[in-house]
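See structure below.
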Amino acid sequence: MTQSDFSRLTQPITIGGCEIRNRIVMTGHGTGMPTDGTPNDQMVAYYEERAKGEVGLIMLGTQQVHPSSPGITGLLTCYDDRIIPGLKRVADAVHKHGGRIFGYLGHMGMASSARPVALWSASATYEQKFGEVAHEMTRAEIAELVASFAAAARRNLTAGMDGIEVHCGHGLLLMQYLSPHTNFRTDEYGGSVENRTRFPREVLAAVRAEIGPDVPLGIRVSGDELVPGGLTVEDMEEICTLLVEAGDLDYIDVSAGTDGDLVSNMLHEPPMGLPPAPYASVAGRIKAACPGVAILHATRIHTAAEAEALLARGDADMAGMVRPLIADPHLPAKARRGDADRVTPCVACEQACFGRLYRGRHISCVGNPTTGREQRWYGLPQATPKRVTIIGAGPSGMEAARIAALRGHTVTLHDEHDVLGGRMNVARLPSWRSEWGRMVAHKASEIDKLGVMLKLAARADLDTIRADAPDVVLLACGSKPNPLKMPGIETAPVVIVDDAVKAPEICGKRVLIIDNMNRTPGTACALHLAERGHEVSIATQGLHAGHQLVIQNLTLFHRRAAEMGVNCLTSVRPVRFDGGSVTLHNVFSRKDLPPIEVDTIVVADPGLPRNELFEPLETAGINVRAIGDAYAPRDIEAAFLDGYEAAIAL
């Protein structure tokens, strides 16, 4: 695409007197980087790289304004002045590259876990995800939090932030007051719309009084709560007008959903398989209800083209992005230059952003391991050029080739197949998983542009590798099946999961998937076959099918499994086969269950490292390293990261 294709996206905008260089906003999100509630070097480098990439406006992750909101791993805490120096470092880093940055203030309410400390909320109730009954706030505690929001806003301005956003959405505390789904009070803070908006209105009025009339002030709202009995877009049209008036607001950041409901949470943080920009029309409705206020919208605006289309339709004035800018901080600059085709794509796999965050780690990106590791990457010394041979062109091999070539090495990439991508080419086959194709295409294009030599459609051996005269060899051959070993397996109609996905027609009507991974291969295969009319059961030793999936992917799987009639057999493992008769064993009762009859048994297993070349190469005196599944079968995040780590170590 050319620069003219993004004429709206690249146009400056002024909000509350603050001029912003383009319409791209990195909306607020947790990074998992802070270790003591304040910005650290890692976080400064993370945001600075997005400013270098020409993001117009950056919202920091939510700053908790009071100790009653401990939040989750790695959140910022703006309880006192201790945060000011760190905020100033982030603001200075962003300003140095022409970006703008707003402070983002919130309180988790009951959308968190603080055991044994009690959570605060509008009412003594609980939400689905954490299930901890909250303390119903007193009037004195409400007044205390109003003052805390105002004080936090003042700290942000002292640190050099350009504006303030207050979080009134996603099921956090202020939304817990707004919503009849969570607010059951009978005093002046519950019941009518006027009463349910009272606390948020008091917060916004106090923040506006603290920061004055000339500082941009906005809110984040869920334009639709996406739960039965929750707030609808009609409700939010009325509520937003009241909030705008209370805080003399300059903009509204419109999203959707609540974090406290699993399905709603999944819908407003949509994983691969759900359409882009699902709530753009909701933003358009809020825009129409609040004339004169700038509207920002962010929910899976996953490409520059989608952002441009959002603005062209008039649904919003600014396009919010998070995951696309986690994947490629230079998306805005590339779009402006006409290089949008070189943007590292976000495919909404959720594995290294949300997935790492939920494991207590800093966020990163499957397709761009530099994310969260900016200091290390940009601090690398100049590489001494080497001849690097890589065996295997799956995610680990492709990433190793790309990074090694970027560092100036001469790279030769071998693969026995005639296309790049490895098992990503299987992962992309289910219709709702096709975005893996975007990742394959991007990596292949970058490898081509970097001049990597490809030797495809031939299996490498010791002689072909020697012919490359390599200084180092990286084995990225992936994994191989690990055959089941139990009585009667030789009689059973067994199919490997990759073969079942590639050719569903080889499976009979009744299919049992033995899932020893509890990740996407088995669960995606189950839905892929069910979609084609097979009667599918999926058996796992875990407490529930897919228990290793990121929460959004797990929720989507179970929703679709329920819709398609997939039968989940939990806490079981196979112990005997007799043709299509399978005996399962309950791992808790330690008793066999009655045999079930099936036509096909699909095995989803991590496999074993395919590393047969390692010993011959090492014996031949060649410097060799196994990476990805050839080192230890894991997931795609590990594969890309292994390739990245191996290449920067050269």
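The values are calculated or read from the model by the stated rules, or taken from the named source; none is laboratory data. The structure displayed is predicted, hence computed values, not measured ones. Heads up, the Cβs are rebuilt from the backbone with ideal geometry, glycines too, and the neighbour counts pull from every protein chain shown. Each accessible area value is taken on the protein alone, full model and side chains, heavy atoms only, with ligands, DNA and RNA left out. Shrake-Rupley method; radii C 1.70, N 1.55, O 1.52, S 1.80 Å.
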Using a cut-off of 14 Å between beta-carbons, work out the net charge of the residues near Y251 (Lys and Arg +1, Asp and Glu -1, Y251 not included).
-2
With a bin width of 10 angstrom, please list the P(r) values of region 465-560 as percents of all Cα-Cα pairs, from the 0 bin to the one holding the largest distance.
13, 38, 27, 11, 9, 1
Amide H neighbours of S69 under 5 Å, counting only residues 5+ apart in sequence or on other chains, H built in-plane at 1.01 Å?
none
HN-Hα J in Hz across region 404-414 - Karplus 6.51, -1.76, 1.60, θ = phi - 60°, x for Gly and Pro
4, 5, 4, 7, x, 7, 8, 10, 10, 10, 9
13 Å Cα-Cα reach of K287 towards aspartates and glutamates, excluding residues that sit fewer than 8 places from it in its own chain:
E234, E237, E238, D250, D253, D315, D317
The chain, dipole about Cα centre (Lys/Arg Cβ +1, Asp/Glu Cβ -1), debye to the nearest 20:
1060
Phi to ³J(HN,Hα) by Karplus 6.51 cos²θ - 1.76 cosθ + 1.60 over region 166-178, Hz, x for Gly, Pro
10, 7, 10, x, 6, x, 7, 3, 5, 6, 4, 7, 5
Convex hull of region 10-163 built on C-alpha atoms - directionally averaged projected area, nm²:
9.6
Restricting to Cα atoms and excluding each atom paired with itself, what does the Kirkwood estimate give for region 279-410 in Å?
17.2
Run the helix sum for the chain: -39,500 (n - 2.57) per DSSP H stretch of 4+ residues, divided by residue count, reported at 222 nm to the nearest 500 deg cm²/dmol.
-10000 deg cm²/dmol
Determine the order of M453, M398 by accessible area, beginning with the largest, at a probe radius of 1.4 Å.
M453, M398
Whole-Å distance linking the alpha carbon centroid of region 407-451 with that of region 102-152 is 46
Counting DSSP beta bridges with both ends in the chain, the antiparallel % (nearest 5):
20
Considering the Cα positions of region 204-363, please state its Rg to one decimal place and its Dmax as a whole number of Å.
16.6, 47
Got a number for carbon plus sulfur as a percent of the chain's accessible area, 1.4 Å probe?
51
Could you pull the Rg and Dmax for region 403-466, using just the Cα atoms, both in Å?
13.4, 42
Please report the Cα spread of region 243-286 along all three principal axes, rounded to whole Å, starting with the longest.
38, 22, 13
Contact order relative to length of the chain, as percent, for alpha carbon pairs under 8 angstrom and 6 or more apart:
11
Once you treat every alpha carbon in region 96-202 as an equal point and sum by Debye, what is log10 I(q)/I(0) at q = 0.11, 0.19, 0.24 Å⁻¹?
-0.38, -0.94, -1.29
Quick one: what does P(r) look like for region 577-630 with 5 Å bins over all Cα pairs, in whole %?
4, 15, 13, 12, 11, 7, 9, 10, 10, 8, 2, 0
What is the Å³ per residue value for the convex hull set by the Cα atoms of region 197-298?
104
Unsatisfied cross-links (Cα-Cα over 31 Å) in the set K443/K485; K386/K443; K52/K449; K386/K502
K443/K485; K386/K502
Can you compute 3J(HN,Hα) from phi for each residue in region 40-46, using the Karplus curve 6.51 cos²θ - 1.76 cosθ + 1.60 with θ = phi - 60°, rounded to whole Hz and x for Gly and Pro?
10, 4, 4, 5, 4, 5, 4
Taking amide H atoms as placed 1.01 Å from N in the peptide plane, list the residues 5 or more away in sequence, or in a different chain, whose amide H sits under 5 Å from that of H135.
L119, W120, S121
For S589 and T619, compute 0.36 nm times the residue count separating them, minus their Cα-Cα distance, and round to one decimal in nm.
5.9 nm
Taking Rh as the Kirkwood radius computed over alpha-carbon pairs of region 540-628 and applying Stokes-Einstein at 37 °C with viscosity 0.692 mPa s, one gets a diffusion coefficient in µm² s⁻¹ of 198
For semi-axes √(5λ) of the Cα gyration tensor in Å, several values are listed as (1) 49, 34, 22; (2) 45, 32, 21; (3) 96, 40, 20; flag the one computed from this structure.
(2)
Apply 1/(1 + (r/R0)^6) to the Cβ-Cβ distance of A632 and A140, taking R0 = 51 Å, and write down the FRET efficiency to the nearest 0.05.
0.40
For region 344-420, list log₁₀ I(q)/I(0) at each q in 0.11, 0.15, 0.25 Å⁻¹, using the Debye formula over Cα point scatterers of equal strength and ignoring solvent, two decimals each.
-0.37, -0.66, -1.13
Averaged per residue, what accessible area in Å² does the chain show with a 1.4 Å probe, protein chains only?
37
Residues with amide H under 5 Å of Q11's amide H, sequence separation 5 or more or different chain, H placed in the peptide plane at 1.01 Å from N; which?
R23
Just to verify a number: what accessible area does S121 come out at with the full protein assembly present, 1.4 Å probe, Å² rounded to tens?
0
